[in-house]
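Read-outs: derived from the displayed coordinates by stated rules, not from any lab. Please read these numbers as outputs of a predicted model, since none were measured by experiment. Virtual Cβ from ideal backbone geometry, glycine too; neighbours counted across all protein chains shown.
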Amino acid sequence: MRFGLCCIFINEPIRFRTTTAKALSALPRDGQLARVSEICRENSRNLLLAVHAVQRLGIGAFRILTPLFPRYTHPDVGYTLEELPDAVTIRNILSEVCCFRERNNIRLSFHPDQFVTISSPNEDVVKKSIAELEYQGLLAVMVGAEVINIHAGGRQGGKGAALTRLRMNFPRLSERVRTRLTLENDDISYTVRNLLPVCDELQIPLVYDVHHHRCNPDGLSEEEATRLAISTWQRLGREPWFHISSPRNGWGTDDSKPHSDYVDPDDFPACWRDLEITVDVEAKAKELAVLRLKADLGLPAK
């Protein structure tokens, strides 16, 4: 079993930069490109530091934050990698990330923001979502990331209609995105039971989030959901990927959805203990939470 860190660090001196469309729009075009080129170069170097850090800490997976290249798909200040003055340097650094990841068996993933939904009835939203997924697909190819994980989206017109739209729009994605796309059950709308038929039809894996399942149950036990989710990965010959978190306000409260700083080891499903899986730890304390959970479960630090 390997554990994954999500996006940022608490103790490690690694920080990723961003910018706003407003700040960029105040600059001439060459100034915009110079600014984002500097940020993308620095973020790429920090991603290289990040994969070195997780390897040193004994963490086996890392979720790359979405705006590694900030405002890449923005309609007014967006850009392509080829337009950036530091494009060659950036590609070389990301190639180092890919090589280090491969040598050290580190899994990388992306998890686009909630506004990315190809099940929307609004064509403009779908087009923007596809553009965002293609941007993350570009990065995924360069760094060797295996997964671009999304939720099914909203429920406009009913869940059945929304999932039909997802099926219809899936072929519009490039192969680099389709072969990396995964679906995750969420804590409000789409359960494991809802998503399994789509995963079966489109031949894409299901990322099982046990916290979401507890907030949004569907009649499946955790053991059943685990087994069914694993089957969607095994038929593709891939290692399953799951998510774990604990509720900040405790179970049985009015709002058990927000994540806690750490994961209560009692929330870790017993049926996961001997599985060969990747488990992203979604906790506010970041790498400290990953390391504490491993210790609480009696797992070796490395």
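Database remark: amide H of Y208 closer than 5 angstrom to the amide H of W241, H243 (H placed geometrically; neighbours at sequence offset of 5 or more, or on other chains; Pro and chain starts carry no H). Keeping to pairs on different chains or 8 or more places apart, tell me how many lysine pairs in the chain have Cα atoms under 20 Å apart. The result is 7.
In this structure, A301 and W251 have a Cβ-Cβ separation that, at R0 = 35 Å, corresponds to a calculated FRET efficiency of about 0.75. Spacing of the modelled spin labels on T73 and N105, each 7 Å from Cα toward Cβ, amounts to 3.4 nm. Mean residue ellipticity, 222 nm, helices only, the chain: the sum of -39500 (n - 2.57) across DSSP H runs of n ≥ 4, divided by residue count and rounded to 500, is -13000 deg cm²/dmol. Residues in segment 185-196 carry Karplus couplings, in order, of 5, 10, 8, 10, 10, 9, 8, 4, 4, 5, 8, 4 Hz; the curve used is 6.51 cos²θ - 1.76 cosθ + 1.60 with θ = phi - 60°, and Gly or Pro positions show x.
When segment 185-302 is described by a simple charge dipole with +1 on each Lys and Arg Cβ and -1 on each Asp and Glu Cβ, the residue from Q234, T191, S221 located farthest towards its positive end is Q234. Separation of segment 26-58 from segment 206-245 is 33 Å, based on Cα centroids.
Of the peptides 247-254, 174-181, 156-163, the ranking by mean beta-carbon count within 10 Å, highest at the top, reads 174-181, 156-163, 247-254. Here the spin labels are modelled as points 7 Å beyond Cα on the Cα-Cβ line, and at I10 and S221 they lie 3.4 nm apart.
Each DSSP beta bridge with both residues in the chain is either parallel or antiparallel, and the antiparallel ones are about 5%. I need the shape label for segment 185-302. Rule: rounded when a/c is under 1.5, else prolate if a/b > b/c, else oblate, with a, b, c from the alpha carbon gyration tensor. Because a/c hits 1.5 or more and a/b fails to exceed b/c, segment 185-302 counts as oblate. Listing Y79, Y190, Y135, Y208 from fewest to most neighbouring C-beta atoms within 10 Å gives Y79, Y135, Y190, Y208. Distant-in-sequence amide contacts of D261, defined by a placed amide H-H separation under 5 Å and a gap of 5 or more residues or a different chain, comprise K284. Couplings 3J(HN,Hα) for segment 218-228, derived from phi with the Karplus relation 6.51 cos²θ - 1.76 cosθ + 1.60 (θ = phi - 60°), are 9, x, 7, 6, 4, 5, 5, 4, 4, 4, 5 Hz, where x marks Gly and Pro.
I'd like to compare 26-39, 47-60: which one has the highest average count of other Cβ atoms within 10 Å, and what's the full order after that?
Packing order, densest peptide first, comes out as 47-60, 26-39.
Place a point 7 Å from the Cα of D30 along the Cα-to-Cβ direction; which residues of segment 63-77 have their backbone N under 20 Å from it? Counting backbone N atoms under 20 Å from the label point, the list is 77. Of the listed values (i) 19.3, 66; (ii) 18.0, 56; (iii) 19.2, 57, identify the label whose number matches Rg and Dmax of the Cα atoms in Å calculated from this model. The value matching this structure is (iii). Taking every C-alpha pair closer than 8 Å and separated by at least 6 residues, the mean separation divided by the residue count of segment 185-302 gives a relative contact order of 22 percent.
Near the amide H of L181, within less than 5 Å, lie the amide hydrogens of I148, all on another chain or at least 5 residues away, with H placed in the peptide plane.
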